[in-house]
Structures are given as structure tokens and as C-alpha cells.
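*Asks:* I have a structure I would like to understand better, so I am pasting it below and will then ask my questions one at a time.
The values are calculated or read from the model by the stated rules, or taken from the named source; none is laboratory data. A quick note: this is a predicted structure, and the numbers were derived from the prediction, not measured. A quick note on method: Cβ atoms are made from the backbone with ideal geometry, for glycine too, and the neighbour counts reach across all protein chains shown. The accessibility values were calculated without ligands, DNA or RNA, using every heavy atom of the protein model including side chains. Shrake-Rupley method; radii C 1.70, N 1.55, O 1.52, S 1.80 Å.
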Amino acid sequence: MRQPLVVGNWKMNGSLAKTGDLLHTLSVGINDKIACEVGVCVPFVYLNVAKFAVSDDSLLTIGAQTVSEYDAGAYTGEVSARMLADFGCSWVLVGHSERRTIFNEKNKELVKKTLAAQKNGLTPIYCVGETEADYKSGETFSVIAEQINALLNCDEVDLTQLVLAYEPVWAIGTGLTASPEEAQKVHVFIRDLVKVKNVEAAVKVRILYGGSVKPDNALALFGQEDIDGGLIGGASLDAKAFISICQKA
Ligand code: PGA
């Protein structure tokens, strides 16, 4: 039985004051009445606020939105997995579609980032998804296979210490979502790919859905057998909406 997981991705939003308020409301609202695990991936500069806003006994955990593939040294502007672990992060997003498209991150470096995260005790949330053009030309499954196989082909990746997220790029921030049935098909496809490599990991790995998840569509999505929770962008900036989504997982 996989425990559902809901992770907020704040992207490059917030201010010192807003971040403090949001974290405070969330740390009260995410209580033992919520059955899923909950995390928020905040901008690097607010990790400090997050660390102190979230008490040790809080059920809310924190993470980052990207990480360096390198351990330490002359890499101006980068933040290492070791630093994130030092801050008490549990999660780090790897290969979010905005990193892949805007910052041109490729599978090869994303696998290195996944390894760096795992080596330092963080759980990487490795994101995959097809663009609108891929979707329209019926390429969804081949694109997803390429992104997932990059990870599966690296023997050093621990497939039992990993979360996967399926986020159709055309659904991110657009208000469009894959239908629950359509998303379920892709999740099964991803799980089957993992199964070829490692049966135990395939049963265990949580596969999140992301792309315009809101309180009113969360229940139907999370009700699908292979959708183990969500990666939430816009709605995670609104405490009431985010808590409501968590209640549905
Ligand atoms: P969205 O973003 O919920 O605003 O569509 C999801 C994501 O980018 O992770």
C-alpha cells in the first residue's frame, strides 16, 4: 500500500512576509487528520524561513525545486544536495518541465542530479511529461519512455528511494488537466517501465500527477489506482486550496 503524497511547487513566487504566513497556516492545517504525506518545495532563499516555520513535530516537510549535480566547489550560483540536506530538506524536484524547456536541462544531467540527491539522503521527485505538440501528434508514450528510461538505464539510481511525477506540459498552469482515465493510463505505463527493471520498486514507487490540480478535480484524479498523489503548482500558493487538495489524497 503506497501512502499518498502531495507536494506543493511554489516556483519563483512569494516574499519573505507571504512565505512566513503561508507556511504558518499550512503547518497548522496539515495535521493528523490528513492521511497523505505533504511537502512544499520553496525557492532556495526561503528555505531558512521554511525550516523555522515548520516545527520538528510538524507533518509538513520541505524541499527545493532543483539541485546541482555537483557536490561542492567552484560552481557559481549552484546549490548542492548536501546543502539542502543540511537545511533539513526531504525532497527535491528534478527535471520539472520548466527546467527542461526554459533551462534546457537534459536527461543526462537530470540523472546526475537524481544521484546527487539520493547520495545525500534526499528523495528526488523526477518529473516527466509530454508537450502539447507531443500530445497532439500521439507521441506521449514515446516521450515519457525516453525520460523514464534515462533513469532506469542508470544502475546506480536507487529505484526504491524515488518519487516520479507525470506532468503533461500542456496542463501546467493552463487550467487544462488530463482526464483521470487518461492520466491513469500514463501512470500504468510508467509503473510498467519500472517493473521491467525492478518489480519491488514498481510496486513501491509513488507516481504523482501534476498539471492544474485543484480542489474540485483532485478527488477524481487521486481516485485512480496508480495516481499516488499530486504535484501542485498554482493551487499550492493558496493555503485553503492546498489543504483541501491534501484532504482528498
Ligand atoms: P500547476 O503547476 O498546478 O500550476 O499546473 C504544476 C507544476 O508545475 O508542478
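*Asks:* Say we look at the stretch 212-244 and pick out the residues that are assigned to a loop (DSSP other than H, G, I, E, B) and charged (D, E, K, R); which of these is farthest from residue 8 (Cα to Cα)?
*Replies:* Checking each candidate, the answer is 225.
*Asks:* How do the pairs read when you match residues in the stretch 1-27 that are under 11 Å from residue 40 (Cβ atoms) and open to solvent by 30 Å² or more (accessible area, probe 1.4 Å) with residues anywhere that are modelled with pLDDT of 95 or more and within 16 Å of the ligand (Cβ to nearest atom), using Cβ under 7 Å and keeping only pairs 6 or more apart or on different chains?
*Replies:* Sorted first by the residue in the stretch 1-27, then by its partner, the pairs are 14/43.
*Asks:* Looking only at residues that are in contact with a strand residue (DSSP E or B) (Cβ under 9 Å, 6 or more places away or on another chain) and open to solvent by 20 Å² or more (accessible area, probe 1.4 Å) in the stretch 196-225, which one is nearest to the ligand (Cβ to nearest atom)?
*Replies:* 214
*Asks:* Restricting to the stretch 28-45, what's the tally of residues that are open to solvent by 40 Å² or more (accessible area, probe 1.4 Å) and not basic (Lys, Arg)?
*Replies:* Total satisfying the criteria: 7.
*Asks:* Those residues that are over 24 Å from residue 96 (Cβ atoms), among the hydrophobic types (A, V, I, L, M, F, W, C) and either modelled with pLDDT of 95 or more or not in a loop (DSSP other than H, G, I, E, B) (or both), I need them from the stretch 3-43; list them, please.
*Replies:* Of everything in the stretch 3-43, those that are over 24 Å from residue 96 (Cβ atoms), among the hydrophobic types (A, V, I, L, M, F, W, C) and either modelled with pLDDT of 95 or more or not in a loop (DSSP other than H, G, I, E, B) (or both) turn out to be 17, 28.
*Asks:* Would you mention how many residues in the stretch 226-239 are of a type in the set (A, V, I, L, M, F, W, C) and more than 10 Å from the ligand (Cβ to nearest atom)?
*Replies:* Counting residues in the stretch 226-239 that are of a type in the set (A, V, I, L, M, F, W, C) and more than 10 Å from the ligand (Cβ to nearest atom) gives 2.
*Asks:* Inspect all residues belonging to the stretch 46-54 and state whether any of them is outside any helix (DSSP H, G or I), open to solvent by 10 Å² or more (accessible area, probe 1.4 Å) and either at pLDDT 90 or above or under 17 Å from residue 110 (Cβ atoms) (or both).
*Replies:* Within the stretch 46-54 (the criterion being outside any helix (DSSP H, G or I), open to solvent by 10 Å² or more (accessible area, probe 1.4 Å) and either at pLDDT 90 or above or under 17 Å from residue 110 (Cβ atoms) (or both)), the answer is no, since none of the residues qualifies.
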